[in-house]
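The values are calculated or read from the model by the stated rules, or taken from the named source; none is laboratory data. Since the model is a prediction, treat every value here as computed from it, not as a measurement. Positions of Cβ are backbone-derived with ideal geometry, glycine not excepted, and every protein chain shown enters the neighbour counts. Please note that ligands, DNA and RNA were not included when accessible areas were found on the heavy atoms of the full protein model with its side chains. Shrake-Rupley method; radii C 1.70, N 1.55, O 1.52, S 1.80 Å.
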Amino acid sequence: MKHLLILVPALALLAEPALANRVFVTNEKGNDVTVLDSETLEVIGTYPVGNRPRGITIAPDGSELYVCASDDNLVRVFDPQTMEEMHTLPSGPDPELFVLHPSGNPLYVANEDDNLVTVVDVKTHQVLAEIPVGVEPEGMGVSPDGGIVINTSETTNMAHFIDTETFQIVANVLVDSRPRFAEYNHDGTKLYVSAEIGGTVSVIDPATQQITGKITFEVPGVLPEAIQPVGVRVTNDGKKVFVALGPSNRVAVIDGETDEVKDYLLVGQRVWQMAFTPDEKYLFTTNGNSNDVSVIDVAAEEVVKSVPVGQQPWGVVVAPN
Amino acid sequence: MFKAIMGFLAGACALAGPGMAQQPPEAQQIRTAVLRVDERRLPPISRLDLPVADLGFAGARLATEDNDTTGRFMGQDFETVEITATPETAVAEMDRIIADGIQFVVVLADDATTLALADQAGDRAMLLNARARGDALRGADCRFNTIHVAPSHAMLADALAQFLMWKNWPDWLLVHGSHPEDQALAAAYRRSAAKFGATIVEERVYEDTGGARATDSGHVQVQAQIPVFTQRAPDHDILIAADESDIFAPYLPYLTWDPRPVAGSVGLVPRSWHPAMEAWGGTQYQNRFERMANRPIREEDYQAWLALRIVGEAATRTNSADPAALRAFILSDQFDVAGFKGQKLTVRDWDHQVRQPILLTTGLLTTSVSPQDQYLHQTSALDTLGIDRPETECSFPEVP
């Protein structure tokens, strides 16, 4: 009787269309990845992934998990179900952050110490190209049609537009100091580039490569220097933009149509990267100084929980299935 | 000023166009020099502080590489000439640099030589002071053509004072050396104590009598001498050492009569940079420097790097190589530069000191970064460090 009672809710859960997804968080100083369940918000496990893991992403079909092992100078590829290492990819030195082509191949990697973007074929494990960019490349974004990859260089202060067919830089846009992240909206009409020291997010028209607006931030009671925009995420409908504001411990919620700040959500300390669940119910944020992840209810625009993870959480990705 | 802003707008437009992918046929040339003036000095007390041949130059090389990488996208080419001199030859070297057509000179020299070089250059070149820390150089002896990238004594003392007040250690025993620069640093600590409400319970002078500081058996004498030297001091929370000349401070920790921590020139030391700094992107900066120079970075390297990044940043933002345009932009309120310190670094218009957070470091780590959170300021929290506008003794001639 007791067994039956347990079985019934389990079956009911399986029948639900919105299954729980696995959330993967890299812990830069812990050299591991913490895996969470996106529904229960509990930690499933912690797995070693190599030295100084930072950027993390997952194949569109959920078959392969990619981790920048910065101090190993390569990308490690894991089975997202078992967290067993499948193989490694050559990434060039000090890979920090990367972006997958929307088709799932290739992978575009920012080599922070070497002023390069390395393009790696995830099937053949071959380096397809090395593209010289500005000093300290970090942010990587890709246009929804996959035609353009954006790299931001933190000391050069530019967003470099790279043609994915020719691997040539086709435009450079000078933005404010220390650009950390580049993110397109889903119809490809806007590109958001955050500037950590400049304290702004530049809104760029990808068609003309012109800056059409700059989002600035002001939080009462917080020193302006502490407001350092890093991660940017846009909802599929383009209506909400979330910007992680670093040591101000806030995530800004922005109207994606007017680019005006609507609210600031208090999260953990030094918030950098963020990831949505596929249904956009939740947004997860990595808080590097409080060693936790904040969970934001996207519709309600509220922080609903914080979950302790490993040492200095850096990147986060949610499995698509 | 007006010209600089116009240049900036033109640059932004040009940059945004797809045409910027190709380098223009005629690259803009931005030429700079680093002039390091080596004084004859005793070897340091600790061999860990032995001078390195590429001191300052290595930082300048990294900055020039950084500037050149950005320059590839701007059609700008950066070149830096490295020159070593003695106090006797420095002025002639400055003339040669200027005769060579260079108008931005990073100077690594003591206060007197820096001032002499500034006067020699006059309106022919802009100096970027990457070593001298004296307050007079930014005060009564200030020169319009000099930007002080190195933090001042007053900034370093204030940075430490803020931390000690937060720590609730307001009673200081001040021990300073007998050389003029030691006395200048001691004056900065007196000023900081008054500014932040600390009390200097007593001052003692450690006379440099010219004896051997470090010998094979030196520690035996030192072990006997330092406790005696520090005994019978009034109650204090901490000993502050002001020893710019590296005569005695490293001997103080663990040998003081009273069991008290030591700060200032040893112990908890205020600095512009530290090779273990990892926050704000510092890790990759350290990695890049160490890979290039095969040694940990020193303050002079960071300061020379920052000096040349200031020139590079101005060239990028103005899309210009015209020295007058770059000077005007650097001195305008439009200018800021990132320096791995978590916030914009800017230039004070009243004495041309670069505003910057100060690291409080032990041998191995950054213990804290000032300004401390509780010290507020109406314009910039960074102006709680050093000589603020109302108290400056610097007066620049009217800018034409």
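Tabulated results
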{"read-out": "Cα pair count fraction exceeding 38 Å, expressed as % - the protein assembly as shown", "value": "41 percent"}
{"read-out": "Region B:154-270: C-alpha pair distances exceeding 20 Å, %", "value": "36 percent"}
{"read-out": "DSSP-defined antiparallel bridges as percent of all bridges, the protein assembly as shown, nearest 5", "value": "75 percent"}
{"read-out": "Quarter of the Cα convex hull surface for chain B, i.e. its orientation-mean projected area (nm²)", "value": "20.2 nm²"}
{"read-out": "Exposure rank, largest accessible area first [B:ARG131, B:ARG61; 1.4 Å]", "value": "B:ARG61, B:ARG131"}
{"read-out": "Max mean-square fluctuation residue, GNM over chain A, Cα-Cα springs under 10 Å, options A:ILE215, A:ILE150, A:ILE227", "value": "A:ILE215"}
{"read-out": "Contact order relative to length of chain B, as percent, for alpha carbon pairs under 8 angstrom and 6 or more apart", "value": "21 percent"}
{"read-out": "For region B:324-333, Karplus couplings with θ = phi - 60° (6.51, -1.76, 1.60), whole Hz, Gly/Pro x", "value": "5, 5, 5, 4, 4, 5, 4, 8, 8, 7"}
{"read-out": "Whole-number accessible area per residue in Å² for chain A, which is evaluated in the context of all protein chains at 1.4 Å", "value": "37 Å²"}
{"read-out": "Rounded to the nearest 10 Å², the accessible area of A:PHE217 at probe 1.4 Å", "value": "30 Å²"}
{"read-out": "Translational D in µm²/s for region B:283-379 (Stokes-Einstein at 25 °C, 0.890 mPa s, Kirkwood Rh from C-alpha pairs)", "value": "160 µm²/s"}
{"read-out": "Base-10 log of normalised Debye intensity for chain A (one unit scatterer per alpha-carbon) at q = 0.07, 0.09, 0.12, 0.13 Å⁻¹", "value": "-0.25, -0.42, -0.75, -0.89"}
{"read-out": "Carbon plus sulfur fraction of accessible area for region B:154-270, probe 1.4 Å, in percent", "value": "53 percent"}
{"read-out": "Accessible carbon and sulfur surface of region A:193-264 relative to its total accessible area, %, 1.4 Å", "value": "45 percent"}
{"read-out": "Amide N of region B:280-305 lying under 15 Å from the label point, which is placed 7 angstrom from the Cα of B:ARG41 along Cα→Cβ", "value": "B:298-304"}
{"read-out": "Buried solvent-accessible surface, both chains (B, A), 1.4 Å probe, Å² to nearest 100", "value": "2800 Å²"}
{"read-out": "Length-normalised contact order of chain A in % [C-alpha pairs under 8 Å, at least 6 apart]", "value": "12 percent"}
{"read-out": "Heavy-atom SASA rank of A:GLU112, B:GLU278, A:GLU84, B:GLU244 (probe 1.4 Å, accessible area, largest first)", "value": "A:GLU84, B:GLU278, B:GLU244, A:GLU112"}
{"read-out": "Of A:LYS240/A:LYS281; A:LYS262/B:LYS341; B:LYS167/B:LYS344, those spanning more than 19 Å from alpha-carbon to alpha-carbon", "value": "A:LYS262/B:LYS341; B:LYS167/B:LYS344"}
{"read-out": "Mean accessible surface per residue for region B:308-363, computed with a 1.4 Å probe while every protein chain stays in place, in Å²", "value": "22 Å²"}
{"read-out": "Whole-number accessible area per residue in Å² for region B:154-270, which is evaluated in the context of all protein chains at 1.4 Å", "value": "44 Å²"}
{"read-out": "DSSP bridge pairs, region B:235-362: antiparallel proportion in percent, nearest 5", "value": "60 percent"}
{"read-out": "Estimated inter-spin distance, A:GLU165 and B:ALA27, nm [label 7 Å along Cα→Cβ]", "value": "3.0 nm"}
{"read-out": "Nearest-10 value in Å² for the accessible area of B:ASP373, using the 1.4 Å probe", "value": "120 Å²"}
{"read-out": "Largest-first ordering by accessible area, 1.4 Å probe, given options A:THR156, B:THR86, B:THR367", "value": "B:THR367, B:THR86, A:THR156"}
{"read-out": "Furthest towards positive pole of dipole, B:SER152, A:PRO80, B:VAL266, structure part the protein assembly as shown, Cβ charges", "value": "B:VAL266"}
{"read-out": "Residue-level accessible surface for A:VAL75, protein heavy atoms, 1.4 Å, Å²", "value": "0 Å²"}
{"read-out": "Relative contact order (%) - region B:154-270, alpha-carbon pairs under 8 angstrom, separation at least six", "value": "32 percent"}
{"read-out": "Threshold 50 Å², region A:169-198 residues less accessible with all protein chains present than alone (1.4 Å probe)", "value": "A:ASN172, A:LEU174, A:ARG178, A:ILE197"}
{"read-out": "R0 of 45 Å, Cβ-Cβ distance B:ASN287-B:ASP235: FRET efficiency to nearest 0.05", "value": "0.50"}
{"read-out": "Computed [θ] at 222 nm, deg cm²/dmol, chain A (DSSP H ≥ 4; -39,500 (n - 2.57); rounded to nearest 500)", "value": "-1500 deg cm²/dmol"}
